[in-house]
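*Asks:* Before I ask anything, here is the structure I am working with.
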Amino acid sequence: MEKELKIGIVGCGAIGKDHCRRLINNIAGCTVVAVSDYVAEAADETAKLYGIKSYGNDCDGMIKDPDVEAVVITSIDPTHHDYVMKTLAEEKWCFCEKPLSQNAKDCEEIMAREQEIGKKLVQVGFMRRYDTGYAEMKRIISSGEIGKPLLIKAAHRNVSQGPGFKTENGITNVAIHELDICRWLLDDEYEDGQVVKVRQTSNTTEYDNPQVVLLRTKNGCFIDVEIQCADGYGYDIQCEVVCENGTVKLPDPYAVVRRSRPDPNKLPGESMPIMVDWKDRFIDAYDIEFNDWVEAVHEGKLRGPSSWDGYVACVAGDALNESRGSSEFKKIDTIEKPDMYK
């Protein structure tokens, strides 16, 4: 029987706890041996639930633990870069939830370290690539069955955001999924982009909402993405790719009749509610993603979204935020792609 991969988790918030449950209960070939969080109580509670070791807030100590062979990073976004670099210092496998870092320079540092090691050790948590709907869309587009792709119309709508959320986070924390999945679907790279402010909703006044992201690719495709960080009704992900001879559209997880908050005064069969929790919408994709990651680690060669993919999303996000208020498309310029990521 194949030896189980021993995993340590940095970050025991909502997604960290969910990944801990998933890795322990759903994913073959691995086990979680330790957890940590800058809030020690969060790590202690998670560890107690599963009977595993808690490092409390000593995240560095957990990463260095020789019993930990791979590290899953689900801590707050500003800490991702440092924990990835500390994991790479130990030359251990690393799964980092998006974003890989807060800026492109830090992503370049991560890639430089991987190249020093001579091996890709980092995978970024762009789970949509593992969603069956997106995967089928990519298959159809790549097959050429309906001609070459021309444009993408997408939407990313969330119910609400936590305290301290800023306008820029609508791009770097929310739209970052679209920044990855659109280039993956098209097998294309970005040329330039801009963010457009539109009529604002009364659901929030602390940040711009909604925002519209416009992107142009090097092959001439046009992309528009509606970003709503507080839509007032649910977690709603939409994507349609228009090709020369037809369109391909992301299926809804429900057969939706209308898009609104469910009315408790109406009979259950009159409408189908939209999901309100991102964990429920992509629950299968997360399982597929981690199954693939664990299998790849056992094989000694990662095949999922790489540090390069995290870097490109970061560069695109920086350009979009820079464009805000300028009414101009900003160039999305990356460094030359290192051979390791080709």
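The values are calculated or read from the model by the stated rules, or taken from the named source; none is laboratory data. None of the values given here were measured: they were computed from a predicted structure. No Cβ is skipped: glycine too gets one built from the backbone with ideal geometry, and neighbour counts run over all protein chains shown.
*Asks:* Can you report the number of residues in segment 151-178 which are touching a residue at least 12 places away in the same chain (Cβ under 8 Å) and either surrounded by fewer than 14 Cβ atoms within 10 Å (Cβ to Cβ) or out of contact with any strand residue (DSSP E or B) (no Cβ under 8 Å at 6 or more places or on another chain) (or both)?
*Replies:* Looking only at that region, the number is 10.
*Asks:* Filter segment 166-214 down to the residues that are hydroxyl-bearing (Ser, Thr, Tyr) and more than 20 Å from the chain's Cα centre (by Cα), then identify the one that is farthest from residue 136 (Cα to Cα).
*Replies:* 205
*Asks:* Here's another thing I want to ask about it. If you check every pair at least six apart or on different chains, which have Cβ atoms under 7 Å apart with a residue in segment 316-327 that is closer than 10 Å to residue 213 by Cβ first and a residue that is part of a loop (DSSP other than H, G, I, E, B) and not small (Gly, Ala, Ser) second?
*Replies:* Pairs that qualify, where the first residue is closer than 10 Å to residue 213 by Cβ and the partner is part of a loop (DSSP other than H, G, I, E, B) and not small (Gly, Ala, Ser), are 316/332; 323/329.
Let's see how each residue does on (1) part of a helix (DSSP H, G or I); (2) without any contact (Cβ under 8 Å) to a residue 24 or more places away in the chain; (3) under 18 Å from residue 299 (Cα atoms):
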site: 3; (1), (2), (3): no, yes, yes
site: 6; (1), (2), (3): no, no, yes
site: 19; (1), (2), (3): yes, no, no
site: 22; (1), (2), (3): yes, no, no
site: 42; (1), (2), (3): yes, no, no
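*Asks:* Do you know which residues across segment 167-216 are assigned to a loop (DSSP other than H, G, I, E, B), charged (D, E, K, R) and at pLDDT below 95?
*Replies:* Correct list: 206 only.
*Asks:* Now, a different point. Any chance you could count how many residues in segment 31-53 are within 23 Å of residue 85 (Cβ to Cβ) and surrounded by 22 or more Cβ atoms within 10 Å (Cβ to Cβ)?
*Replies:* 6
*Asks:* State which residue pairs qualify: first residue over 18 Å from residue 313 (Cα atoms) and free of Cβ contacts under 8 Å to residues at least 24 places away in the same chain and inside segment 205-234, second residue of a type in the set (S, T, N, Q) and surrounded by fewer than 21 Cβ atoms within 10 Å (Cβ to Cβ) in any location, beta carbons under 7 Å apart, and separation of 6 or more residues or different chains.
*Replies:* Taking only residues 6 or more apart or on different chains, the pairs are 210/201.
*Asks:* Under 6 Å between Cβ atoms, which residue pairs at least 6 apart in sequence (or on different chains) link something in segment 117-129 that is closer than 13 Å to residue 286 by Cβ with a partner that is part of a loop (DSSP other than H, G, I, E, B) and modelled with pLDDT under 95?
*Replies:* Sorted first by the residue in segment 117-129, then by its partner, the pairs are 127/282.
*Asks:* If you take the residues of segment 130-144 that are more than 22 Å from the chain's Cα centre (by Cα) and free of Cβ contacts under 8 Å to residues at least 12 places away in the same chain, which of them is surrounded by the fewest Cβ atoms within 10 Å (Cβ to Cβ)?
*Replies:* Restricting to residues being more than 22 Å from the chain's Cα centre (by Cα) and free of Cβ contacts under 8 Å to residues at least 12 places away in the same chain, the top hit is 143.
*Asks:* What helices (runs of 4 or more DSSP H), lying completely within segment 236-342, carry at least 1 residues that are modelled with pLDDT of 95 or more, closer than 30 Å to residue 166 by Cα and touching a Gly at 6+ places or on another chain (Cβ under 6 Å)?
*Replies:* 307-323
*Asks:* Run residue 191 past the list (1) surrounded by fewer than 22 Cβ atoms within 10 Å (Cβ to Cβ); (2) out of contact with any Ser or Thr (no Cβ under 8 Å at 6 or more places or on another chain) and report the number of the one that doesn't hold.
*Replies:* Among (1) surrounded by fewer than 22 Cβ atoms within 10 Å (Cβ to Cβ); (2) out of contact with any Ser or Thr (no Cβ under 8 Å at 6 or more places or on another chain), residue 191 violates only (2).
*Asks:* Any residue at all in segment 60-67 that is within 27 Å of residue 111 (Cα to Cα) and in contact with an Asp or Glu (Cβ under 7 Å, 6 or more places away or on another chain)?
*Replies:* Yes, segment 60-67 contains at least one residue that is within 27 Å of residue 111 (Cα to Cα) and in contact with an Asp or Glu (Cβ under 7 Å, 6 or more places away or on another chain).
*Asks:* Is it fair to say residue 181 is surrounded by 15 or more Cβ atoms within 10 Å (Cβ to Cβ) and not assigned by TED's automatic domain parsing to the domain that holds residue 216?
*Replies:* No.
*Asks:* Give segment 93-139 a look and list any residue that's within 30 Å of residue 249 (Cα to Cα) and small (Gly, Ala, Ser), or say none.
*Replies:* Scanning segment 93-139 gives 125, 133, 135.
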